[in-house]
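**Student:** Structure in structure tokens, see below.
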Amino acid sequence: MTTTGEEPRVSLTRRYSVKETAEILKVSRNTVGRLVARGELHLGGMKPHGRRMYPFYYGRDILKYWRKVF
């Protein structure tokens, strides 16, 4: 996992997509899914969009994970 020592700048209450979360943490989208499956990153919920549901992550959970790991 490659990251800078600089804490990511995120809004604590904003919802971030899988793609945005992966970019913030500098990991792949598949890695984000694995982090959720292992219980390391909290899934904020699912956002409906037509017939599909899209996962999202709150900024506070992204920061919590980042601080724990880095």
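The values are calculated or read from the model by the stated rules, or taken from the named source; none is laboratory data. These numbers were taken from a predicted model, which means no experiment stands behind them. Cβ atoms come from the backbone with ideal geometry, glycine included; neighbour counts cover every protein chain shown. Heads up: the accessible areas ignore ligands, DNA and RNA and are worked out on the full protein's heavy atoms, side chains in. Shrake-Rupley method; radii C 1.70, N 1.55, O 1.52, S 1.80 Å.
**Student:** Please specify each residue of region 15-42 satisfying the condition of being open to solvent by 60 Å² or more (accessible area, probe 1.4 Å) and touching a strand residue (DSSP E or B) at 6+ places or on another chain (Cβ under 7 Å).
**Tutor:** Arg15
**Student:** Looking only at region 48-55, decide whether some residue is open to solvent by 90 Å² or more (accessible area, probe 1.4 Å), outside any loop (DSSP other than H, G, I, E, B), over 22 Å from Phe70 (Cα atoms) and of a type in the set (Lys, Arg).
**Tutor:** There is at least one residue in region 48-55 that is open to solvent by 90 Å² or more (accessible area, probe 1.4 Å), outside any loop (DSSP other than H, G, I, E, B), over 22 Å from Phe70 (Cα atoms) and of a type in the set (Lys, Arg).
**Student:** Right, another one. Can you work out which of the residues in region 18-47 that are in contact with a Lys or Arg (Cβ under 9 Å, 6 or more places away or on another chain), outside any helix (DSSP H, G or I) and charged (D, E, K, R) is farthest from Glu6 (Cα to Cα)?
**Tutor:** Across region 18-47, the extreme among qualifying residues is Lys47.
**Student:** Please go through region 48-58 and give me each residue that is more than 10 Å from the chain's Cα centre (by Cα) and either without any contact (Cβ under 8 Å) to a residue 24 or more places away in the chain or within 17 Å of Val10 (Cβ to Cβ) (or both), ordered by number.
**Tutor:** Correct list: Pro48, His49, Gly50, Arg51, Arg52, Met53.
**Student:** Is it fair to say Leu12 is free of Cβ contacts under 8 Å to residues at least 40 places away in the same chain and either surrounded by fewer than 15 Cβ atoms within 10 Å (Cβ to Cβ) or not in a helix (DSSP H, G or I) (or both)?
**Tutor:** no
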